[in-house]
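Note sheet for the following structure.
Read the figures in this text as sums done on the coordinates, not as results from a lab. Everything numeric here is computed off the predicted structure, so don't read it as measured data. Virtual Cβ from ideal backbone geometry, glycine too; neighbours counted across all protein chains shown.
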Amino acid sequence: MKTKNDKNNKKKSKFSCFLSKFSIFLEKYLFPEDIKCIFCGKDISSFYSKPYCSYCEKEIKFNYGNKCKICDERIYNEAKICERCMKNKYDFKKIFCPLIYEGITRKTILAYKQDNKRYLAKGFAQIIYDYIGENFKYIDIITYVPITEKRLKERSFNQSQKLAEELSKLANLPCVNCLEKIKETSDQKKLNFSERKKNLKNCFKVINKKDIKGKNVLLVDDIISTCATVQECSNMLKNYANNIYVTAIARNIINDKN
């Protein structure tokens, strides 16, 4: 005998299915790929060289200037390695972040993550691909930061996975799911680096180990802040992979140096 909760769950499932199909419709027909600026939606003619219009280009904060050779954070002096990277030993070799997480970049990434605008992944991947450039010669395989089943149901897709898949097409490299998130964690936003490390401890495990054995791996995330998440993932991958590189759409500039 079906209970009231069963009926409600069935309705929720149907509604989620409808939303997913409607999202695909919007993505395919109302926001066709390759012709629109990913930030404002205006038609553009050069998506594969710049997936944004000339107006938005003036508003975007690119990650230019002197940056840390390890974590890609801006350094406002002549140093080559930032203060945090001097203090902490990381298991990844280098991070690549083409944008700064501010202004229209922040707004568009939040829309990508929270409003199911998965079509934006293609443009973001193009920006990342251009930024990494010749460094792809060091990469053998692409993977991504996982999310839990609960979070996947809430968002309907893993934004890092979608980015990795689009990036793999551009780089002509295999994209493999190598990590699984096995426990829920507290929201990282209000935690400092030390707290984030504790929060993430033992929440990932490696899967499909043979696919990364001895390979140079590119780990994909959406935003880099303290590096705690990608470090924990890299710590797990290092037992099988050769070198681990990391990339994300944007670098979140933070003041905490713990």
remark   = Highest mean packing first, using Cβ neighbours within 10 angstrom, the peptides 242-249, 113-120 sort as 242-249, 113-120
remark   = Here, residue 183 and residue 61, labelled 7 Å along Cα→Cβ, have an inter-label distance in nm of 3.5 nm
key: Highest-first arrangement of 64-76, 88-100, where packing means the average Cβ count within 10 Å   = 88-100, 64-76
ask   = Residue farthest toward the positive end of the dipole of the range 110-177, with Cβ of Lys/Arg at +1 and Asp/Glu at -1: which of 136, 161, 116?
value = 116
task = Could you work out the relative contact order of the range 61-251, using alpha carbon pairs under 8 angstrom and six or more residues apart, expressed as a whole percent?
result = 27 percent
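Rounded to the nearest 5, what % of the DSSP beta bridges within the range 61-251 are antiparallel ones?
The answer is about 25 percent antiparallel.
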query = Which of the residue pairs 150/213; 183/238; 137/209; 36/137; 42/153; 69/162 have a Cα-Cα distance greater than 25 Å in the structure shown?
reply = 150/213; 36/137; 42/153; 69/162
remark   = Going fewest to most other Cβ atoms within 10 Å around each Cβ, 220, 176 line up as 176, 220
Packing-based ranking, highest mean first, of 201-208, 35-42 given that Cβ atoms within 10 Å are counted = 35-42, 201-208
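For the range 92-224, which semi-axes, largest first and in whole Å, follow from the square roots of 5 times the eigenvalues of its Cα gyration tensor?
Working: eigenvalues 96, 81, 46 Å².
After diagonalising the Cα gyration tensor, the semi-axes are 22, 20, 15 Å.
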ask   = How do 221, 130 line up, fewest other C-beta atoms within 10 Å first?
value = 130, 221
